[in-house]
1. Is it the case, given these coordinates, that residue 125 is over 21 Å from residue 136 (Cβ atoms), part of a loop (DSSP other than H, G, I, E, B), modelled with pLDDT of 95 or more and in contact with a strand residue (DSSP E or B) (Cβ under 8 Å, 6 or more places away or on another chain)?
2. Within the group 157, 151, 73, which residue is exposed (fewer than 11 other Cβ atoms within 10 Å of the Cβ) and either under 20 Å from residue 41 (Cα atoms) or in contact (Cβ under 8 Å) with a residue 12 or more places away in the chain (or both)?
3. Working only within segment 4-30, note down all residues that are more than 24 Å from residue 144 (Cβ to Cβ), without any contact (Cβ under 8 Å) to a residue 12 or more places away in the chain and either in contact with a helix residue (DSSP H, G or I) (Cβ under 6 Å, 6 or more places away or on another chain) or assigned to a loop (DSSP other than H, G, I, E, B) (or both).
4. Among the residues of segment 31-70, which ones are under 21 Å from residue 150 (Cβ atoms), in contact (Cβ under 8 Å) with a residue 40 or more places away in the chain and not in a strand (DSSP E or B)?
5. With (1) more than 24 Å from residue 112 (Cα to Cα); (2) free of Cβ contacts under 8 Å to residues at least 60 places away in the same chain; (3) not in a loop (DSSP other than H, G, I, E, B) as the list, and residue 100 as the residue in question, which single condition is left unmet?
């Protein structure tokens with residue numbers, strides 16, 4: 001397995017260009033089985049996680065693999081409970097986890113992506129989908145100033161583990 005790098009054409013280098021457009025352009029120009037997108041707005045990904053992602057890709061037969069964050073908390077969609085019944089409060093560690101797509105790393109099977117795109121269907125979530133769980137501290141996606149602060153705190157804590165002792169609200 002090896003990596004190819006691709007220079008985006010100018011029309012796909014703007015703030016309005018989508019990953020869908022970019023991946024389609026890449027796949028039209030390069031022969032490969034899969035394209036793996038490591039999102040540059042996810043600076044907290046660990047190399048070990050990327051290696052596990054590639055192993056997951058190699059050991060499964062998915063058309064699309066999304067990185068997700070698993071969260072064990074009561075969740076709602078449009079005001080409706082999705083992973084609890086509301087009859088009693090149960091410990092969060094017993095809840096069915098909610099998985100949210102975090103776009104840190106994603107893989108698409110070339111043939112499936114191209115086929116769906118050329119049929120006018122959405123290839124981003126296409127075919128047989130797999131989900132690859134990454135840890136919360138690898139999930140920050142730099143879209144807002146708050147995301148930057150969270151990612152910076154995570155990376156600072158990793159760099160200086162002796163300063164990251166578990167403590168809660170040190171007030172002197």
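The values are calculated or read from the model by the stated rules, or taken from the named source; none is laboratory data. Quick caveat: nothing in here was measured; it's all calculated off a predicted structure. Heads up, the Cβs are rebuilt from the backbone with ideal geometry, glycines too, and the neighbour counts pull from every protein chain shown.
1. yes
2. Answer to the selection: 73.
3. Hits for segment 4-30 are 5, 7.
4. 39, 41, 42, 43, 44, 45, 46, 49, 50
5. Unmet condition: (1).
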